1. Where the centre of each part is set by its Cα atoms, how far does the stretch 263-314 sit from the stretch 61-107, in angstrom?
2. Here are some pairs, LYS86/LYS171; LYS25/LYS59; LYS86/LYS230; LYS33/LYS243; which of them have Cα atoms lying more than 30 Å apart in this structure?
3. Placing unit charges on C-beta atoms (Lys and Arg positive, Asp and Glu negative, everything else neutral), compute the dipole magnitude of the stretch 68-292 about its Cα centre in debye, rounded to 20.
4. Could you list log10 I(q)/I(0) for the chain at q = 0.06, 0.14 Å⁻¹, which the Debye formula gives when each Cα is one point scatterer?
5. Just want the ordering: GLU166, GLU373, GLU190, from fewest to most Cβ atoms lying within 10 Å of their own Cβ.
6. In whole Å, how far is the Cα centre of the stretch 213-241 from that of the stretch 350-403?
7. Can you spot the lysines whose alpha carbon is less than 23 Å from LYS399's alpha carbon? Ignore those fewer than 8 places along the same chain.
8. Using unit Cβ charges (K, R positive; D, E negative) and no other charged atoms, how large, in debye to the nearest 20, is the dipole of the chain about its Cα centre?
Amino acid sequence: MAQKTETARYDFDTIIDRHHTDCLKYDFGMERKGRTDLLPLWVADMDFRLPEEVLLELKARIDHGIFGYTDPKEGYFEALNHWFRKHYHYTVEPGWVTVGPGVVYGLATCVRAFTKPGDAILIQQPVYYPFGEVIQDNGRQLVNSQLKLQAGHYQIDFDDFERKIEEYKVKLYLLCNPHNPAGRVWTREELTRIGDICLKHDVLIVSDEIHCDFIYPGHEFHSFLTMDPKYRSHLCVLHSPSKTFNIAGLQVANAIIPDETLRARYKKENAAAGYSQANVLGLTALESVYTRGEEWYQELLSYINGNLSFVRAYLTEYLPELKLIEPEGTYLLWIDFSGLGLSETGLQELITDKAKIWLDSGSIFGPQTAQFERFNIACPRSIVKQAFEQLREAVSELKRNRC
Ligand SMILES: Cc1ncc(COP(=O)(O)O)c(C=O)c1O
């Protein structure tokens with residue numbers, strides 16, 4: 001994420017009150033938890049408002065007043081390819097794209113389209129929890145090849161990866177790139193090794209690239225679509241502008257499948273789920289953000305990078321027991337709390353009851369990471385600061401009580 005030097009045009013500092021807007025992060029989530037006193041840094045949803053130029057286009061569409069069935073047209077694919085070309089030097093054929101309501105919907109559709117009940121599907125924990133849910137909820141077998149944390153950096157254990165594929169006769173692999181919550185942006189070398197192993201064992205690859213636009217300086221995102229075309233016979237890429245522009249509520253995502261046979265299987269399952277026409281405002285939004293959102297996006301990257309620098313410095317100065325897994329991408333920070341020496345319950349008490357912040361706890365991303373917490377830093381810096389100050393106070397109290 002590039003550091004911006006010129007004067008900022010957009011305001012990411014002002015806190016916009018999201019309470020009572022029926023949002024998951026501040027309203028439903030709190031209701032479910034039965035708490036109103038927690039600062040929410042959990043769900044991957046940003047607290048920033050779309051730029052006015054995009055809002056104007058959405059308002060113009062609303063002003064028409066008719067929201068009947070619709071489908072994506074040329075402008076949609078032109079906007080998509082404009083973004084892909086500009087940022088990642090590739091384009092897709094409109095025919096490869098099936099529009100859907102979300103990336104998780106796409107994951108579940110792939111599971112049903114490409115495997116049978118009981119088939120083994122491989123994931124790499126710690127990973128975004130719906131990866132496991134769409135496997136188990138559809139009666140498939142979850143196979144985990146745990147990512148290895150080596151010197152503060154997550155790595156794929158390729159021997160384990162291939163062994164598990166052979167042992168369980170894995171049919172499908174769900175890749176997260178950039179990886180949530182490990183923060184890795186997989187290199188071309190890693191993607192090549194993944195692709196080669198999958199081709200060798202006839203494993204289909206579903207690459208969830210929803211976080212692709214959040215890449216920190218020194219790292220580069222490679223879509224699986226930019227890799228050797230030989231992998232395309234086994235590939236589905238899932239993509240959406242919903243993280244980058246915070247439009248998850250508009251429900252638009254793309255399943256990009258170059259191979260005709262795989263695509264037909266996906267479309268059949270999509271139809272079986274009863275999904276046909278897309279959300280008209282979602283289509284308008286994708287076209288608009290990719291056409292008019294560049295400047296806002298660049299400033300957003302710079303702002304989030306600033307938040308990351310803030311957290312890094314804060315941890316070093318005030319909370320040295322906590323270890324940040326240095327992210328290469330995403331706005332989600334993965335922090336190791338094991339230095340505090342707390343039990344899993346003790347850690348949850350510290351976070352929720354003492355610090356009064358709401359984070360996604362490591363245990364939901366896999367069984368081996370209960371001492372980790374995931375922080376969403378896509379919010380005004382003052383909120384990030386407040387969260388870490390509350391945490392610091394809670395840790396200080398913990399230490400005082402231990403004395
Ligand atoms: C890796 C990953 N995939 C998918 C999603 C959700 O996608 P959608 O809202 O389009 O279903 C998220 C949201 O946090 C995510 O982190």
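1. 10 Å
2. Table pairs above 30 Å Cα-Cα are LYS86/LYS171.
3. With only Lys, Arg, Asp and Glu charged at Cβ, the dipole is about 240 debye.
4. Rounded to two decimals, the profile gives -0.24, -1.36.
5. GLU166, GLU190, GLU373
6. Each part reduced to its Cα centre gives a spacing of 32 Å.
7. Cross-link targets: LYS323, LYS354, LYS356, LYS385.
8. The calculation lands at about 520 debye.
Coordinate-derived values only; no laboratory data. Everything numeric in this text was worked out from a predicted model, so none of it was measured. We place every Cβ from the backbone using ideal geometry, glycine too, and count neighbours over all the protein chains shown.
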